[in-house]
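Laboratory data are not the source of any read-out in this text; all were calculated from the coordinates shown. Note that the structure is predicted; figures quoted are calculated from it, not measured. Cβ sites come from the backbone with ideal geometry, for glycine too, and all protein chains shown count toward neighbours.
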Amino acid sequence: MLEEMDGLVRMTNKRSVLILIQHTKEDDFEVCIPSVRESISNIIGFVSIGDDSFLPYLIDRSVGIVDTIMLDIDFKRRETENIRIATARLAESKGISVAYYSDYSTWISSAIAFMMEIVRKKEVKTIFDSKLLLVGKNALATRMVLELLSKGIEVCVFEKEYPTPTFPLTKGKVELESPFIHRINPVPGERFNILIGCEIQSRCSFLRELSTMDFEQIFDIGINNFSQDFIRQQRQSGAKVYRSDDRAGISGIVVNLMETSELVNSRLGKTSVGGIPIVSGGLIGDFGDVVVDNFNEVHVVLGIANGDGTFKQDLSSEDEINMRRINKLL
């Protein structure tokens with residue numbers, strides 16, 4: 001994988017990013033290495049692990065090839081904290097930068113964008129007026145429900161699976177009382193536009209009830225949520241079955257984190273030029289500071305800070321003089 005990344009970097013001159021993901025199953029420790037991806041601006045490699053034992057080997061061989069390690073920091077397993085600490089320590093010792101991201105959030109936002117685009121292509125309904133059933137009781141399912149609710153999308157769950165409006169997190173649980181959540185009992189022959197399976201695995205006891213219902217579209221959020229028999233039966237009934245593809249979400253979060261890192265490390269700060277305080281990059285300036293695009297290398301003067309994160313609307317003569325003086329230095 002690293003050799004392939006190195007070859008692609010040399011051919012494209014793109015930035016190399018290694019995404020370090022945690023396994024979601026507690027009993028899964030085998031190292032998994034999916035295919036390398038080339039996005040618009042980055043070469044992206046992936047390694048999925050269950051503990052920190054593989055990290056010294058991996059990071060040592062990443063030197064000179066990997067520019068940034070993106071670490072999945074969701075609390076997924078008992079080893080999560082050790083993985084976080086070991087990755088940061090080992091990468092820092094080898095001069096490799098580390099960025100942090102939420103694998104669950106990326107996965108869910110990508111899945112919803114994927115579903116919305118698939119539903120839109122049918123040109124019959126939008127996801128907002130679809131009848132949607134979600135199966136799965138885990139942290140990933142809870143993230144999905146929260147994201148759907150934040151968009152005003154109604155969701156049904158089995159009352160037997162959620163006897164109370166309590167949804168699990170990897171640490172604890174959350175009570176979700178909302179008119180957009182409907183706890184139902186399955187009815188044979190009942191029809192839904194969309195079925196979402198969130199890491200339910202094929203041994204789920206609800207597959208029998210699901211097999212008596214009809215769906216237009218089925219989305220597997222994860223891997224192997226539905227059995228071959230169930231998928232075959234639903235296809236025969238006319239359902240389209242999809243596995244959410246998170247490539248666009250992963251590529252997007254890489255760009256987002258790289259831009260954020262560049263902003264924080266290169267543009268966020270405050271200095272003084274000729275006795276005039278200048279500030280940039282999201283740092284809230286004091287009243288009267290000159291706000292610029294980059295305090296290290298000014299190209300644009302944006303205005304005068306009001307001391308609360310906004311710009312002064314009525315400039316004093318001193319403000320105008322300070323802005324003219326900084327502009328002359330550009």
In terms of Cα to Cα distance under 28 Å, which lysines are near enough to LYS160, apart from those fewer than 8 places away along the same chain? LYS25, LYS76, LYS131, LYS137, LYS151, LYS171, LYS173, LYS240
Beta bridges by DSSP in the chain, antiparallel share as percent, to the nearest 5: 30 percent
Karplus-derived 3J(HN,Hα), 6.51/-1.76/1.60, for each residue of the range 134-143, Hz, glycine and proline x: 10, 10, x, 10, 6, 4, 5, 4, 4, 4
Quick one: which residues, 5+ away or cross-chain, put their amide H under 5 Å from the amide H of ILE43? H built at 1.01 Å from N. ARG15, SER16, VAL17
Leaving out same-chain residues fewer than 8 places away, which lysines sit with a Cα under 23 Å from that of LYS270? LYS312, LYS328
Computed ³J(HN,Hα) along the range 289-299: with the Karplus parameters 6.51/-1.76/1.60, θ = phi - 60°, integer Hz and x for glycine or proline, the list is 5, 7, 9, 10, 6, 8, 5, 7, 8, 6, 10
D_trans [Stokes-Einstein, Kirkwood Rh over alpha-carbon pairs] for the range 105-247, 10 °C, 1.306 mPa s, µm² s⁻¹: 105 µm²/s
Quote to one decimal, in nm, the extra length available between LEU330 and ASP245 on full extension: 0.36 nm per residue of separation minus the C-alpha distance between them. 26.0 nm
Three principal axis lengths of the range 2-101 [C-alpha, angstrom, descending]: 40, 26, 22
Report the per residue volume, in Å³, of the convex hull enclosing the C-alpha atoms of the range 33-186. 148 Å³
Net length gained if the chain between THR170 and LYS25 were fully extended (0.36 nm per residue, minus Cα distance): 51.0 nm
Principal axis box of the range 269-328, alpha-carbon based, largest edge first, Å: 27, 24, 18
Taking only DSSP H segments of four or more residues, each worth -39500 (n - 2.57), what value at 222 nm results for the chain once the sum is divided by all its residues, to the nearest 500 deg cm²/dmol? -10000 deg cm²/dmol
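What ranking do 290-302, 17-29, 104-116 get when scored by the average of other Cβ atoms within 10 Å per residue, highest first?
The most tightly packed comes first, giving 104-116, 17-29, 290-302.
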Each residue of the range 93-102 in turn: what ³J(HN,Hα) in whole Hz from Karplus with 6.51, -1.76, 1.60 and θ = phi - 60°, glycine and Pro shown as x? 5, 9, x, 9, 6, 10, 10, 10, 8, 9
Can you give me the long-range amide H partners of ASN294? Hydrogens built in the peptide plane at 1.01 Å from N, cutoff under 5 Å, separation of 5 or more residues or another chain. HIS299, VAL300
Write down the Å³ per residue value for the convex hull defined by the alpha carbon atoms of the chain. 197 Å³
Estimated inter-spin distance, ARG232 and HIS299, nm [label 7 Å along Cα→Cβ]: 6.0 nm
Where a Cα-Cα gap under 23 Å defines reach, which lysines qualify for LYS14, not counting those fewer than 8 residues away within the same chain? LYS94
Taking the Cα centroid of the range 212-247 and of the range 39-99, what is the distance between the two, rounded to the nearest whole Å? 33 Å
Kindly put PHE75, PHE230 in sequence by how many other C-beta atoms sit within 10 Å of each C-beta, fewest to most. PHE75, PHE230
Please list, ordered by chain and number, the residues whose modelled amide H lies under 5 Å from the amide H of SER97; skip anything fewer than 5 residues away on the same chain. ILE69
